[in-house]
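Asker: Right, I'll just put the structure down here and ask away after.
What follows is calculated from the coordinates using simple rules that are stated; it is not laboratory data. It should be emphasised that the depicted structure is a prediction, and the values quoted were computed from it without experimental measurement. Note: ideal-geometry Cβ built from the backbone for every residue, glycine included; neighbour counts use all protein chains shown.
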Amino acid sequence: MLLPFARMAQLKEICVEIGKRYCFEFDAIGADGDHVHIFVGSEPKYAPSKVMQIIKSIAAKQMFRAFPEIKKDLWGGEFWSDGGYIGTVGEGVTAEIIRNYIEQQGTSEEKEGYKQMNLLDFD
C-alpha cells in the first residue's frame, strides 16, 4: 500500500510522539512502495527488536485511529507485516550511509508526492 502524503505526515507525527515517550531519537523516515524505512536511535536499555515492537504496535493503533479506511486496503487488515529488518550503525556503516539510503528509496512518483515534507527533518 502506497502511503499518501497525509498518511506519511501522520506516521511522522506518531513517531515524534513515540520518541518523546520512550526517549527514541528519530532521524529519518521514508517510504518505498509498500514499506517504510525508519532510522531511529534509542537508549541501550532497549533491544533493537523491542524498539521495533514498540514503534510498530503504537503506530498501527494510531494510524487505524486516524485512517480507519486503510484497514480494508491492507492484506489481512494488518498495518505492518510480522517481519522487519534491523540494521545498526557501527563498523563500516555510518549514520550518513543510512540517511542516504533512506533518502534514495521510493519511486519518482512517491518522491514527488512527499516533496512538501522533508522526510529527514525530525527536529
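Asker: Please compare each pair in Lys12/Lys45; Lys20/Lys45; Lys12/Lys72; Lys20/Lys56 to a cut-off of 18 Å on the Cα-Cα distance and tell me which ones are over it.
Answerer: Working: Lys12/Lys45 24 Å; Lys20/Lys45 16 Å; Lys12/Lys72 22 Å; Lys20/Lys56 16 Å.
Result: Lys12/Lys45; Lys12/Lys72 exceed 18 Å.
Asker: Which FRET efficiency value, to the nearest 0.05, is calculated for Ile70 and Thr94 with the Förster distance at 25 angstrom and r the Cβ-Cβ distance?
Answerer: Calculated transfer efficiency: 0.10.
Asker: Also, quick follow-up: Pairwise over distinct Cα atoms, reciprocal of the mean inverse distance: report the Kirkwood radius of the stretch 1-103 in Å, one decimal place.
Answerer: Numbers: mean 1/r = 0.0692 Å⁻¹.
Roughly 14.4 Å, rounded to one decimal.
Asker: Show the residues, 5+ positions off or on another chain, whose built amide H is closer than 5 Å to the amide H of Ser42.
Answerer: HN-HN under 5 Å from Ser42: Glu25.
Asker: Glu78 versus Lys20, label points 7 Å from Cα toward the beta carbon: distance in nm?
Answerer: If labels sit at Glu78 and Lys20, their model points lie 3.0 nm apart.
Asker: For Asp32, which sequence-distant residues (separation of 5 or more, or a different chain) have an amide H within less than 5 Å of its own amide H, given hydrogens modelled in the peptide plane?
Answerer: His37
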